[in-house]
Amino acid sequence: MKTINCKSLLLLLLVTLSITVSAQTAYKGQLYVSEETFHHDGDMLRVHMKVSYDDTAVPSGESLIFTPVLKSDTIQCRLSSVVIDGDRLAKTMHRAETLRRFRRSNVAVVVKDKKAERRYFVYDTTIPYEFWMKGSSLYVQSEENTSYNVTPHHYEDRVLVTIPFDNEPISVGDIRVTSAQLLTWVQYIDPSGTDCDVMTHKGIISLYGINSKLSINKQNRMIYDTLYKDINTTIQLYGTSLNSAKITGYGSPIGNHNLNELKSMKRALSLKRYLMNNKLTASNMLDVSWIAEDWDSIQTLTSESSMNLKEAACDIMHNVPVTAGRETVLQDLYDGIPYQYMRTVLFPKVHRVAYTLVYNRKGVDAATGRLLMKQSPRSMTLTDFWNVSQSYEKGSREFNDVIDLSARIFHDNPVANINAAAVALTRKDVRSAQHYLNGLDTDPRAYNNYGLLYLLEGNTDKAEVYLRMARAAGVMQSEDVLKYIKK
């Protein structure tokens, strides 16, 4: 009898060890990921894996949210999540779904392996393929979901350093394009004369909390000090002058609507008079207004709050106009309890002043720009960086460094990103080029570089489409690339 028990125990141990050795672990070592396959099929990537876990990994009344994530150095893609329910919770949810005739689509279909005393489910999904995914890592994010009033714990584990494709997608090396060719084919855009020569500073001054207790005159002084500090610091930069200042105050719907409108006009006039008396800026540069009742922000705060019946309150604000008695309808909702919460907790939070300061920048020459790049690169405009880059040979290390730095500083500017993508393409750095061009696929200025990106990826069909559109937009070098593709 002892011999049989020992053999059974040994067999169970060997099975457990075989699963553990061949699998990657996640979630405190309690999830075992194995049989991973990544199949590239045209524009899609199919991700398949088996996820095993012990019976005790997920407590009976709780659940665990399992989310695979693909990550590169700068980009990531979250795949669809699945929910793993504990035994008791699974039964409860099944009964509820049966009564409601509703089935959750993101719940894992778990199979019990009685011999191994484990459970497992098969994860299978398909996502749009992007070239950066080749060489990316697979991570697993696990989020505990409890029914108690406890902050859930989040875990992240790297499962695979590099995802393995069972059919390798086309690589850059498969395309016979030289860096010299790319240097003549890429498109750079001169940003001179665009709004890149304008700097915009935006900010919020809260009138909530301790600031709400200040007198109107002291609030005006606080607003003036904040604006003066920004203006005085910025105009010290070479060739900088203030173009305009737009200031908007926001209030809440406490009290009579018509009276609030009248107060807001007086409040705006008081602030503008104070700023002009203290010589903040000339009157033709200054625009001061006041929104008497900021319902948009109130609706956002309500939807994000933990207030009871917040959906009903948001529905009222969305459908009942202010002039039709919106506030009265809110006061009638559930004996006025939600409205009282809004009045005491949410309304005061919208009290604030938003400002936008627009500065003009006079461009600098290349010599001055090189000096500014060492001392204060963030004080330069995109045109300044362009002027500096033109003092170097195109494709040189110095030229590329200037373009790269301008894209890091003006990371939201399409021209900066198109130029940085051009540099990345000359290096055959497809991943960086794709990052810079992300979201610009409908911008005619980016068509040529998009065509080159697809050419390096081996997708000549898409390359031709974008290069033909670039040629129609007047980009002459796209014709040379199209001739190359035909050959």
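The values are calculated or read from the model by the stated rules, or taken from the named source; none is laboratory data. These numbers were taken from a predicted model, which means no experiment stands behind them. Methodologically, a virtual Cβ is constructed for each residue, glycine included, from the backbone with ideal geometry; neighbour enumeration extends over all protein chains shown.
Yes or no: E36 of a type in the set (D, E), touching a strand residue (DSSP E or B) at 6+ places or on another chain (Cβ under 6 Å) and either surrounded by 14 or more Cβ atoms within 10 Å (Cβ to Cβ) or touching a residue at least 60 places away in the same chain (Cβ under 8 Å) (or both)?
yes
Considering only residues that are among the charged types (D, E, K, R) and farther than 17 Å from V481 by Cβ, look in the stretch 175-196 and name the one that is modelled with the highest pLDDT.
D190
Go through Y392, Y436 for me and flag whichever is among the aromatic types (F, W, Y), buried (at least 22 other Cβ atoms within 10 Å of the Cβ) and not assigned by TED's automatic domain parsing to the domain that holds M133.
From the options Y392, Y436, the qualifying one is Y436.
So T300 passes all but one of these: (1) modelled with pLDDT under 95; (2) in the same structural domain as A245 (by TED's automatic domain parsing); (3) of a type outside the set (A, V, I, L, M). Which condition number does it fail?
For T300, the failing item is (1).
Would a scan of the stretch 434-446 turn up a residue that is free of Cβ contacts under 8 Å to residues at least 40 places away in the same chain, in a helix (DSSP H, G or I), under 18 Å from Y238 (Cβ atoms) and not charged (D, E, K, R)?
no
Kindly check whether there is at least one residue in the stretch 406-425 that is within 24 Å of E479 (Cα to Cα) and outside any helix (DSSP H, G or I).
Looking for residues that are within 24 Å of E479 (Cα to Cα) and outside any helix (DSSP H, G or I), one finds none in the stretch 406-425, hence no.
Going by the conditions given, is N220 modelled with pLDDT of 95 or more and surrounded by 12 or more Cβ atoms within 10 Å (Cβ to Cβ)?
yes
Among the listed residues A313, A324, identify the single one that is touching a Pro at 6+ places or on another chain (Cβ under 8 Å) and either within 25 Å of G203 (Cβ to Cβ) or among the hydrophobic types (A, V, I, L, M, F, W, C) (or both).
When all the criteria are applied, what remains is A313.
So if I check each of D480, D461, which one is exposed (fewer than 15 other Cβ atoms within 10 Å of the Cβ) and touching a residue at least 24 places away in the same chain (Cβ under 8 Å)?
Result of the check over D480, D461: D480.
Going by what's in this entry, would T240 be described as more than 20 Å from L275 (Cα to Cα) and assigned by TED's automatic domain parsing to the domain that holds N400?
So T240 does not fit the description; no.
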